[in-house]
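The values are calculated or read from the model by the stated rules, or taken from the named source; none is laboratory data. On a predicted model such as this, the values are computed, not experimentally measured, just so you know. With ideal geometry, Cβ positions are generated from the backbone for all residues, glycine too; neighbour counts draw on all protein chains shown. Heavy atoms of the whole protein, side chains included, go into the accessibility calculation; ligands, DNA and RNA do not. Shrake-Rupley method; radii C 1.70, N 1.55, O 1.52, S 1.80 Å.
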Amino acid sequence: MRIQADKGRCVGAGMCALTAPALFDQSEDDGTVIVLHPDPPPALRDAALRAVHSCPSTALSLSGDLPAPGEPGNPT
Ligand code: SF4
């Protein structure tokens, strides 16, 4: 699993950093997202999925080995 952030779409809402503070932070300059762990360890994959789904501007996306819909770790 890999996390990508599109800073051009990020509006600095901070939901990602609130949802998964181990994975995301925000720039002190403009509030845009900083991905702390683009390749999250297995223990943080659920948190990564929740954070991606919490982003109001769809600035975050995941790629790689994702859990299928209905599997643990996929809330869809
Ligand atoms: S939740 Fe989305 S819009 Fe808000 S800081 Fe994170 S990436 Fe940016």
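By the compact-protein rule of thumb, 2.2 N^0.38 Å, the alpha-carbon radius of gyration of the chain corresponds to a ratio of 1.02.
Put a plus charge on the Cβ of each Lys and Arg, a minus charge on the Cβ of each Asp and Glu, and nothing anywhere else: the dipole of the chain about its Cα centre is then about 180 debye.
For the chain, the per residue solvent-accessible surface stands at 58 Å², with DNA, RNA and ligands left out and a 1.4 Å probe.
To put it simply, the accessible area of segment 2-63 at a 1.4 Å probe is 52 percent carbon and sulfur. The Cβ shell under 10 Å around Leu60 holds other residues with a net charge of 0, Lys and Arg each +1, Asp and Glu each -1.
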